[in-house]
């Protein structure tokens, strides 16, 4: 088996349909500014709460996103066990942590399957965006930790916090229970990444800088064009308290908040351009 | 009576207006509603899956593109999703047209619990018409609006199995379920 | 209550442990070093394969088992300094060249259609060899002087049996035709041939003098 597995070849059964971030961003449709609250009036509040008219479907879709994200996190941690030679490329203890993460992520996949059943979703019912694994493809284990453990798992903290609150508000004991447990694991994984990043780059400031820059890029990517930010327009909020527990400094959280808002605004601007182009195309087609 | 779909050509999604029309026509026949003129307006600029309808001389359906989408393949149309979405609003329209639902609020004025109860009633019947349905999806939706309790599940089963309910009966089941879950 | 000052036998009548063992400290450390190396290779490949298998249940099992073998490697890593090997890396080595070739052959399959080959290598060849080596060590070592190794062996053997059963049951569910059974047998034969040359996880003599 080769080292460094390409994202395009991630193995899935026939129920799954993989799409890339490019595909996702190429969709000119957007829910931004057009969501409705319980009274059906137009609003800019798109946070995923039970009060949203499409709350159940929104939660099911997000849960499926968590499910495939857990699969990719499992695959990413597993590849770190394989891709790097022990000690010469990655410390033995780091690889042990990644193996532990494999077990945790495998459990999260199991939990997600059970939760999806509970919520009435089917495996593969939604397209799978493979962007999470892409962050796990770096050839530098430190960059991989920054991308996977700090950015990806950091996003997981935000998502699980949103879903835990959703379960709590909806009175869904099953959802709240599961998210609570998964959240505990994710905080551990982020802390693992923070600790290793600090330890490995202790005497290598350039490498640390590069890793943090990479994390910032991934954080922006994982903001999914505004899906996660402090703004109420984003379905997923930024879980500041749990991020703090996981070892993020206040400055780091502020940076993530800023790049998330940038991503939201860039997405709005990109959608506006795509819509303009689509409208022009429609007008010219009608004229012909 | 004709079914008119707008737009005829889609720019944001890869949908087929004729397919939407034929699915709607098939459902109208199966539901005994072929004598009604139907206008289906699809908002292709949003991926949301909202769908609602108003009834006057004709039936007017307004759907977000997500209501007809194949969630496995973004921007592609799903025949099952199209049938499920259209079926549930057409059944709601039929309920309003055939009587017994005269006092039901307009779609926009329904509470979340009332929407969930009525959808359960529609989807249960739709399944018996042969449209593929994941019952657990609708049970979960019902629970979110009526509580995660045995009483809520019993109410769901009662509504799902029912035919010929009036608005008063449907609303009473929903209200009782919400009240018992609150205790 | 019995008189607390009355002399009692240091070993209770039901405690039948004996002092003699067939390994001295050096031999025990050598074996533990081989175990650690082999467990490391196993957890690494299980982790690597997760992305290559399309079957969801297999993916989750490999991820779960990956950690167990990493933990075994960690237990052996911690045991080595207690066996007078202050540089654990010195003894973290394969038993011999054949063992290296075995691991190379076992870890070779990558394509998504080769789940049977991947699982056969681990669950029908490698893990049974672990069970054999550990059982031999458990039965042969001094029950008193080497108690820490025995404790680890018992934990690890519990895992190995559980994982072997998981893997074997998955294999039985995947192998549906005589052709697939032949594929499994052929791959097993290929790997067994190398393993015979290696002699087992701790090399020739893994299961006693030969």
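If you check C:141, C:135, C:145, which single one turns out to be surrounded by 18 or more Cβ atoms within 10 Å (Cβ to Cβ) and in contact with a helix residue (DSSP H, G or I) (Cβ under 9 Å, 6 or more places away or on another chain)? Let's see the steps before the verdict.
Numbers: C:135 fails: surrounded by 18 or more Cβ atoms within 10 Å (Cβ to Cβ); C:145 fails: surrounded by 18 or more Cβ atoms within 10 Å (Cβ to Cβ).
Step by step, each of C:141, C:135, C:145 is checked, and only C:141 is surrounded by 18 or more Cβ atoms within 10 Å (Cβ to Cβ) and in contact with a helix residue (DSSP H, G or I) (Cβ under 9 Å, 6 or more places away or on another chain).
Give the residues of region A:52-99 that are more than 27 Å from residue A:168 (Cβ to Cβ), more than 17 Å from the chain's Cα centre (by Cα) and in contact (Cβ under 8 Å) with a residue 40 or more places away in the chain, sorted by residue number.
A:79, A:80, A:82, A:83, A:84, A:89, A:90, A:91, A:94, A:97
Which of the residues spanning region C:53-73 are more than 7 Å from chain A (Cβ to nearest Cβ) and within 14 Å of the chain's Cα centre (by Cα)?
Of everything in region C:53-73, those that are more than 7 Å from chain A (Cβ to nearest Cβ) and within 14 Å of the chain's Cα centre (by Cα) turn out to be C:65, C:68, C:69, C:71, C:72, C:73.
Taking region B:41-52 as the search range and keeping residues that are more than 8 Å from every other protein chain (Cβ to nearest Cβ) and modelled with pLDDT of 90 or more, which one is nearest to residue B:31 (Cα to Cα)? Outline the logic, then answer.
First, the residues of region B:41-52 that are more than 8 Å from every other protein chain (Cβ to nearest Cβ): B:41-43, B:51-52.
Going one step further and asking which of them are modelled with pLDDT of 90 or more, we end up with B:41-43, B:51.
On the way: B:41: 21, B:42: 22, B:43: 25, B:51: 19 Å.
Among them, the one singled out is B:51.
If you check residue B:70 against the conditions, is it without any contact (Cβ under 8 Å) to a residue 40 or more places away in the chain and surrounded by fewer than 19 Cβ atoms within 10 Å (Cβ to Cβ)?
Values: without any contact (Cβ under 8 Å) to a residue 40 or more places away in the chain: yes; surrounded by fewer than 19 Cβ atoms within 10 Å (Cβ to Cβ): no.
For residue B:70, the condition - without any contact (Cβ under 8 Å) to a residue 40 or more places away in the chain and surrounded by fewer than 19 Cβ atoms within 10 Å (Cβ to Cβ) - is not met.
Per-residue answers, yes or no, for (1) in contact with a strand residue (DSSP E or B) (Cβ under 9 Å, 6 or more places away or on another chain); (2) modelled with pLDDT under 75; (3) crowded, with 18+ Cβ neighbours inside 10 Å:
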residue	(1), (2), (3)
A:213	no, no, no
A:237	yes, no, yes
A:248	no, no, yes
A:254	no, no, no
A:260	yes, no, yes
A:273	no, yes, no
A:276	no, yes, no
A:287	no, yes, no
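Results for (1) under 20 Å from the mean Cα position of the chain (by Cα); (2) free of Cβ contacts under 8 Å to residues at least 24 places away in the same chain; (3) surrounded by fewer than 13 Cβ atoms within 10 Å (Cβ to Cβ), shown as yes or no for each residue.
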| residue | (1), (2), (3) |
| --- | --- |
| C:165 | yes, yes, yes |
| C:178 | no, yes, yes |
| C:182 | no, yes, yes |
| C:205 | yes, yes, no |
| C:209 | yes, yes, yes |
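Considering only residues of region B:53-85 that are within 19 Å of residue A:126 (Cα to Cα) and part of a strand (DSSP E or B), which is farthest from the other protein chains (Cβ to nearest Cβ)? Spell out the reasoning first.
Our first condition is that a residue be within 19 Å of residue A:126 (Cα to Cα); within region B:53-85, this holds for B:64-85.
Applying the additional criterion that residues be part of a strand (DSSP E or B) yields B:64, B:69, B:76-77.
Numbers: B:64: 8, B:69: 10, B:76: 10, B:77: 14 Å.
For region B:53-85, the residue satisfying everything is B:77.
When residues of region A:1-19 are filtered for being more than 7 Å from every other protein chain (Cβ to nearest Cβ), modelled with pLDDT under 95 and surrounded by 15 or more Cβ atoms within 10 Å (Cβ to Cβ), how many remain?
2
So for region C:37-52 (the condition being farther than 24 Å from residue A:83 by Cβ and at pLDDT 95 or above), does at least one residue qualify?
Just the residues of region C:37-52 that are farther than 24 Å from residue A:83 by Cβ, to begin with: none.
There is no residue in region C:37-52 that is farther than 24 Å from residue A:83 by Cβ and at pLDDT 95 or above.
Condition test on residue B:4, is it within 14 Å of another protein chain (Cβ to nearest Cβ) and touching a residue at least 12 places away in the same chain (Cβ under 8 Å)?
Values: within 14 Å of another protein chain (Cβ to nearest Cβ): no; touching a residue at least 12 places away in the same chain (Cβ under 8 Å): yes.
So residue B:4 does not fit the description; no.
Condition check ((1) free of Cβ contacts under 8 Å to residues at least 60 places away in the same chain; (2) farther than 29 Å from residue C:171 by Cα; (3) more than 14 Å from chain A (Cβ to nearest Cβ)) across all residues:
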{"site": "C:4", "(1), (2), (3)": "yes, yes, yes"}
{"site": "C:13", "(1), (2), (3)": "yes, yes, yes"}
{"site": "C:42", "(1), (2), (3)": "no, no, no"}
{"site": "C:51", "(1), (2), (3)": "yes, no, no"}
{"site": "C:75", "(1), (2), (3)": "no, no, no"}
{"site": "C:89", "(1), (2), (3)": "yes, yes, no"}
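Just checking, does region B:98-106 include any residue being at negative phi and within 14 Å of chain A (Cβ to nearest Cβ)? First the steps, then the outcome.
Filtering region B:98-106 for residues at negative phi gives B:98, B:101-106.
When the remaining residues are screened for being within 14 Å of chain A (Cβ to nearest Cβ), the result is B:105-106.
Checked against the condition, which is being at negative phi and within 14 Å of chain A (Cβ to nearest Cβ), region B:98-106 yields at least one hit.
Please verify whether residue C:30 is modelled with pLDDT under 95 and away from every other protein chain (no Cβ under 13 Å), treating the condition exactly as stated. So that I can check it myself, show each step before the final result.
On the way: modelled with pLDDT under 95: no; away from every other protein chain (no Cβ under 13 Å): yes.
In short, no.
Each row is one residue, and each column tells you yes or no for (1) more than 18 Å from residue C:137 (Cβ to Cβ); (2) surrounded by 24 or more Cβ atoms within 10 Å (Cβ to Cβ).
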{"position": "C:3", "(1), (2)": "yes, no"}
{"position": "C:6", "(1), (2)": "yes, no"}
{"position": "C:26", "(1), (2)": "no, no"}
{"position": "C:35", "(1), (2)": "no, yes"}
{"position": "C:54", "(1), (2)": "yes, no"}
{"position": "C:63", "(1), (2)": "yes, yes"}
{"position": "C:72", "(1), (2)": "no, yes"}
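Which pairs do you get when a residue that is without any contact (Cβ under 8 Å) to a residue 60 or more places away in the chain and more than 7 Å from every other protein chain (Cβ to nearest Cβ), found in region B:125-141, comes within reach of a residue that is in a loop (DSSP other than H, G, I, E, B) and surrounded by fewer than 16 Cβ atoms within 10 Å (Cβ to Cβ), reach meaning Cβ atoms under 9 angstrom, with the pair 6+ apart or on two chains?
The qualifying pairs are B:125/B:162; B:125/B:163; B:128/B:163.
Of all residues in region A:100-116 being closer than 21 Å to residue A:12 by Cα and facing another protein chain (nearest Cβ under 7 Å), which is surrounded by the fewest Cβ atoms within 10 Å (Cβ to Cβ)? Give the derivation first.
Going through region A:100-116, the residues closer than 21 Å to residue A:12 by Cα turn out to be A:101-116.
Now restrict to residues that are facing another protein chain (nearest Cβ under 7 Å): A:102-103, A:105-106, A:109-110.
Values: A:102: 31, A:103: 21, A:105: 31, A:106: 26, A:109: 24, A:110: 16.
Only one residue tops the list, namely A:110.
For residue C:128, work out the one condition from (1) closer than 20 Å to residue C:44 by Cα; (2) touching a helix residue (DSSP H, G or I) at 6+ places or on another chain (Cβ under 7 Å); (3) touching a residue at least 40 places away in the same chain (Cβ under 8 Å) it doesn't fulfil.
For residue C:128, the failing item is (3).
Can you tell me which condition residue B:118 does not meet? The list is (1) in contact with a strand residue (DSSP E or B) (Cβ under 9 Å, 6 or more places away or on another chain); (2) more than 9 Å from chain A (Cβ to nearest Cβ), and all the others hold.
It fails just one condition, (1).
Determine, yes or no, whether residue A:191 is surrounded by fewer than 17 Cβ atoms within 10 Å (Cβ to Cβ), touching a residue at least 24 places away in the same chain (Cβ under 8 Å) and part of a helix (DSSP H, G or I). Please lay out each step first, then the result.
Values: surrounded by fewer than 17 Cβ atoms within 10 Å (Cβ to Cβ): no; touching a residue at least 24 places away in the same chain (Cβ under 8 Å): yes; part of a helix (DSSP H, G or I): yes.
It is false that residue A:191 is surrounded by fewer than 17 Cβ atoms within 10 Å (Cβ to Cβ), touching a residue at least 24 places away in the same chain (Cβ under 8 Å) and part of a helix (DSSP H, G or I).
The values are calculated or read from the model by the stated rules, or taken from the named source; none is laboratory data. All values derive from a computational prediction rather than experimental measurement. No Cβ is skipped: glycine too gets one built from the backbone with ideal geometry, and neighbour counts run over all protein chains shown.
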